[in-house]
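The values are calculated or read from the model by the stated rules, or taken from the named source; none is laboratory data. Just so it is clear, the model here is predicted, and its values are computed rather than measured. Glycine also receives a Cβ, built like all others from the backbone with ideal geometry; neighbour counts cover every protein chain displayed. Note: areas computed on protein heavy atoms with side chains; ligands, DNA, RNA excluded. Shrake-Rupley method; radii C 1.70, N 1.55, O 1.52, S 1.80 Å.
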Amino acid sequence: VLLQASGGGLVQAGASLRLSCEASGHTFSNYAVGWFRRAPGKSREFVAAIELTGRSTSYEDSVKGRFTISKDNAKNTVYLQMNSLKPEDTAVYYCAAKRGTTVIGRSATWYNVWGQGTLVTVSS
């Protein structure tokens, strides 16, 4: 499967963005998907994940209540709805996938397919 992340941009604090991660080559219904981010000068960190059925999700504490991950298997796309954005959310966001599991992975090393990043910049 190939992953294509999109939807990043420059917004002001408090605004919303929706990131998309579109899969090609295989149906996304067989994959668990995660979003990670890397801020300038920092290491990559977990943001959110959803298991292959889409029924269970997990979030990093700082984004709980503001970000929502969802999965549209018909469109082969996973979304990350980001509301109430803060300057500290500024980062390159990456989506990642792992085939055939209902486990929700929070570790980057657990995923074996990665998309290119999309830059999110939140100004204060």
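Evaluate the distance, in nm, between pseudo-label points positioned 7 Å from the Cα of Asp72 and of Ala108 along their respective Cα→Cβ axes.
Reported label-point gap for Asp72 and Ala108 is 2.9 nm.
Once amide H atoms are placed 1.01 Å from N in the peptide plane, what residues at a sequence separation of 5 or more from Ala15, or on another chain, have their amide H within under 5 Å of its amide H?
So Ala15 has HN proximity to Leu85.
Listed highest first by mean packing, meaning other Cβ atoms within 10 Å per residue, what order do 115-122, 79-86 come in?
79-86, 115-122
Short version: ³J(HN,Hα) in whole Hz for each residue of the range 95-109, in order, from phi by Karplus 6.51 cos²θ - 1.76 cosθ + 1.60 (θ = phi - 60°), x for Gly and Pro, what are they?
9, 9, 9, 9, 7, x, 8, 9, 6, 9, x, 10, 9, 4, 6
Check the chain and count each lysine pair with an alpha-carbon distance under 18 angstrom, considering only pairs eight or more places apart or from different chains.
Value for the chain: 4.
For the chain, what's the relative contact order in percent, using C-alpha pairs closer than 8 Å and at least 6 residues apart?
Here the relative contact order equals 36 percent.
For the chain, which whole percent of the accessible surface, found with a 1.4 angstrom probe, sits on carbon and sulfur atoms?
47
Taking amide hydrogens as modeled 1.01 Å from N in the peptide plane, which residues meet the under 5 Å criterion relative to Thr90, leaving out close sequence neighbours?
The list, which skips near neighbours in sequence, is Val122.
Give me the 1.4 Å probe accessible area per residue for the range 10-86, excluding ligands and nucleic acids, in Å².
48
Sort the range 1-108 into rounded, prolate or oblate with this rule: let a ≥ b ≥ c be the square roots of the eigenvalues of the Cα gyration tensor; rounded if a/c is under 1.5, and if a/c is not under 1.5, prolate when a/b is larger than b/c, oblate otherwise.
Prolate is the answer for the range 1-108, as a/c is 1.5 or above and a/b outweighs b/c.
Rounded to whole Hz and in sequence order, give me ³J(HN,Hα) for the range 114-122 from the Karplus expression 6.51 cos²θ - 1.76 cosθ + 1.60, θ = phi - 60°, writing x for Gly and Pro.
Listing the rounded values in order: 10, x, 6, x, 10, 8, 10, 10, 10 Hz.
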